[in-house]
Each structure stands twice: as C-alpha cells, then as structure tokens.
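Read the structure below first, then the notes.
The values are calculated or read from the model by the stated rules, or taken from the named source; none is laboratory data. Model, not experiment: these values are computed from the prediction. Here the Cβ positions follow ideal geometry from the backbone for every residue, glycine too, while neighbour counts run over all protein chains shown. SASA here: full protein model, heavy atoms, side chains in, ligands and nucleic acids out. Shrake-Rupley method; radii C 1.70, N 1.55, O 1.52, S 1.80 Å.
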Amino acid sequence: MSKKVFSCDLKNLSDIRAFVADSLNEYGIRTEIREQLILATDEACANTIIHSNHCCNQRFIELSLDIIPEQKIAIQITDAGKTPELPNEIQINIQENIRCGKRGGMGLYLMQEMVDQIIRFHESGKNITILEKRLN
Amino acid sequence: MNIRTTLENNIVIIKPIGEIDAYSSIDLDNTVSDVVKNYEHPYIILDGSELTYISSAGIGVFITHLEPIRKKKGDIVFANLRKEVHYVFSVLGLDKLVTITENIWEAKEKLNHVKESI
C-alpha cells in the first residue's frame, strides 16, 4: 500500500497526480486505467480541497492506494473537513451547461465514469472516499 | 502550465503548455476572458498540441465562455488535441458540441467560414 499526506492547497494537485501515477507505474498498470484513475483522483481531491476544506493549507488530505494485482485498485481519500452532500449518481447535460455557462457537476460525473465504484462514508470525524477500479 | 498566445489575421491562438487542473485553470480562464472582453468577434483556436492533461476545471473554462463567444458571433475551435485530452471531451459529450480539427490550418479554415458568415 502507498500512502501520502498533502495539504489542502490546489497547487498540490500536480503532486497528487504524480503520486498516483508513480504508485500505479510500480505495478505496471496499463496506461488507459492509469489515466482514468489519475483523473478520478484529481477530481475527488479538487472537490475535497475546495468544498470540504475551503483551500485551507493548514488542513490535510491523506491519499492511500491499495492494489490487489489482477483484481482491483482502491484509492482512498481521507479528510477532516466539512462533510459534503453528494448524490449517489449524477447525470449531466453538457448542452445545458453551455447554455447557462454552468461548470458544476462535471467533476463528479467524470469521477463516476472513470471508476467502477465510489464509496463514501463518514467515520470518527473523517470523510472517506474510496475509488475502486476492477482490473479483470 | 504556461500559456502562449499569438494573433494571426484576427484569430487568437491560445496554446497551453502542460497540464490544466483546478489550480492552473485560473490562468486559462483569465486568458480566454481577456479575448472575449477585448474582441468584437472573438475567434479563438485552442492549440492542444502541448496540452498533456485536462480536468473538469479546464473544460469548465470553455463551457463558461462558449455561449458569450458565440453571442459575439465568434467561435472557438480546438486543434491538435492529444488522445488523453480528446478522451475527456468525449466522455463529457463536448466533442459533439464544439469544432475539433486535426491541425491549426484546418482550424483557421473553420474560423474563416464563421467570419464570412457574419
């Protein structure tokens, strides 16, 4: 398992992506899956930094990657910020987004499309998001 | 991420170099906002040849400005998109709603048609 802590600063998103890429490269995960997981993690962390922690760099998110070769990858994002109220499933109408100049929902939609399962729960004052991707 | 901006025959070519995420999208937003504000008819080519990554925040910049650009009888054409960036456009369905070309030359042709139609 790989684990790393980042402060809640959007500047850290590039380091977060590099951490995920390096961890997945160690296991020889193929490019397509690696890129999908990098995007899903980036979106999840950006949401957590902005909406749960208001970009306060005195707060932290912990990222951990657990890989069961040829079975699944689980990326866990843990923070102690405000618990977000998020829908289980999201649909977007990009045409309507363009008409209204609305950006919202696209990050959550991309996360949903990039992984097989998103698990969210709140435990001991912490928000936990797990992004799961099957490898078989 | 760096952004290189050039002007050719009243067409602004914006070339982001690197990755666009929720942090770096602010610079892109400022660049596109300036073009929309300063041009009567904003004709923009987004040259994606050196854009290696885009998240929803980067896509959000285009979503926000697309309607104002078109209201001013301008348009934005996306050229030279790398596979990984094109993939994000297609997952969101944006590839069906904007013009994407293989190269800059083709993008200029498309924008010249828009100019002629005014």
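Within the range A:110-135, the residues that satisfy the criterion of being more than 14 Å from chain B (Cβ to nearest Cβ), closer than 23 Å to A:LEU24 by Cβ and either open to solvent by 50 Å² or more (accessible area, probe 1.4 Å) or not acidic (Asp, Glu) (or both) are A:ASP116, A:GLN117, A:ILE118, A:ILE119, A:ARG120, A:ILE128, A:THR129, A:ILE130, A:LEU131, A:LYS133, A:ARG134, A:LEU135. Do the conditions hold for B:ASN80, that is, is it within 26 Å of A:MET106 (Cβ to Cβ) and more than 13 Å from chain A (Cβ to nearest Cβ)? Taking the combined requirement at face value, the residue satisfies it. May I ask you to verify whether A:LEU86 is surrounded by fewer than 15 Cβ atoms within 10 Å (Cβ to Cβ) and either within 14 Å of the chain's Cα centre (by Cα) or of a type in the set (Ser, Thr, Tyr) (or both)? So A:LEU86 fits the description; yes.
Please go through the range A:42-53 and pick out each residue that is open to solvent by 50 Å² or more (accessible area, probe 1.4 Å) and either free of Cβ contacts under 8 Å to residues at least 40 places away in the same chain or charged (D, E, K, R) (or both). So that I can check it myself, show each step before the final result.
In the first step, residues of the range A:42-53 are kept if they are open to solvent by 50 Å² or more (accessible area, probe 1.4 Å); the result is A:50-51.
Of everything in the range A:42-53, just one residue is open to solvent by 50 Å² or more (accessible area, probe 1.4 Å) and either free of Cβ contacts under 8 Å to residues at least 40 places away in the same chain or charged (D, E, K, R) (or both), namely A:HIS51.
With A:ILE61, A:ILE90, A:ILE77 as the choices, which residue is within 14 Å of chain B (Cβ to nearest Cβ) and farther than 22 Å from B:VAL91 by Cα? Steps first, please.
Working: A:ILE90 fails: farther than 22 Å from B:VAL91 by Cα; A:ILE77 fails: within 14 Å of chain B (Cβ to nearest Cβ).
Just a single option satisfies the conditions, and that option is A:ILE61.
Taking each residue of the range A:20-41 that is free of Cβ contacts under 8 Å to residues at least 60 places away in the same chain and in a loop (DSSP other than H, G, I, E, B) and looking for partners that are open to solvent by 60 Å² or more (accessible area, probe 1.4 Å) and of a type outside the set (Gly, Ala, Ser) with beta-carbon atoms closer than 7 Å, six or more apart or interchain, yields A:TYR27/A:PRO69. Checked against (1) surrounded by 16 or more Cβ atoms within 10 Å (Cβ to Cβ); (2) assigned to a loop (DSSP other than H, G, I, E, B), A:GLY104 meets all criteria but (1).
Name the residues in the range A:69-85 that are within 13 Å of A:LEU24 (Cα to Cα) and touching a residue at least 60 places away in the same chain (Cβ under 8 Å), would you? Step through it out loud before you land on a result.
Taking the range A:69-85 and keeping what is within 13 Å of A:LEU24 (Cα to Cα), we get A:69-70, A:72-75.
Hits for the range A:69-85 are A:PRO69, A:GLU70, A:LYS72, A:ILE73.
Let's see how each residue does on (1) open to solvent by less than 10 Å² (accessible area, probe 1.4 Å); (2) more than 30 Å from B:ARG70 (Cβ to Cβ); (3) β-branched (Val, Ile, Thr):
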position	(1), (2), (3)
A:VAL5	no, yes, yes
A:ALA21	no, yes, no
A:TYR27	no, yes, no
A:ALA40	yes, yes, no
A:ASN57	no, yes, no
A:ILE67	no, yes, yes
A:ILE77	yes, yes, yes
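So, B:ASN80, is that one at positive phi and open to solvent by 40 Å² or more (accessible area, probe 1.4 Å) or not?
yes
The residues listed here are B:SER24, B:SER49; of these, the one that is within 19 Å of A:GLU35 (Cβ to Cβ), open to solvent by less than 20 Å² (accessible area, probe 1.4 Å), hydroxyl-bearing (Ser, Thr, Tyr) and at pLDDT 95 or above is B:SER24. Residues in the range B:51-105 that are within 23 Å of A:ASP42 (Cα to Cα), part of a loop (DSSP other than H, G, I, E, B) and under 12 Å from the mean Cα position of the chain (by Cα): B:LEU81 only.
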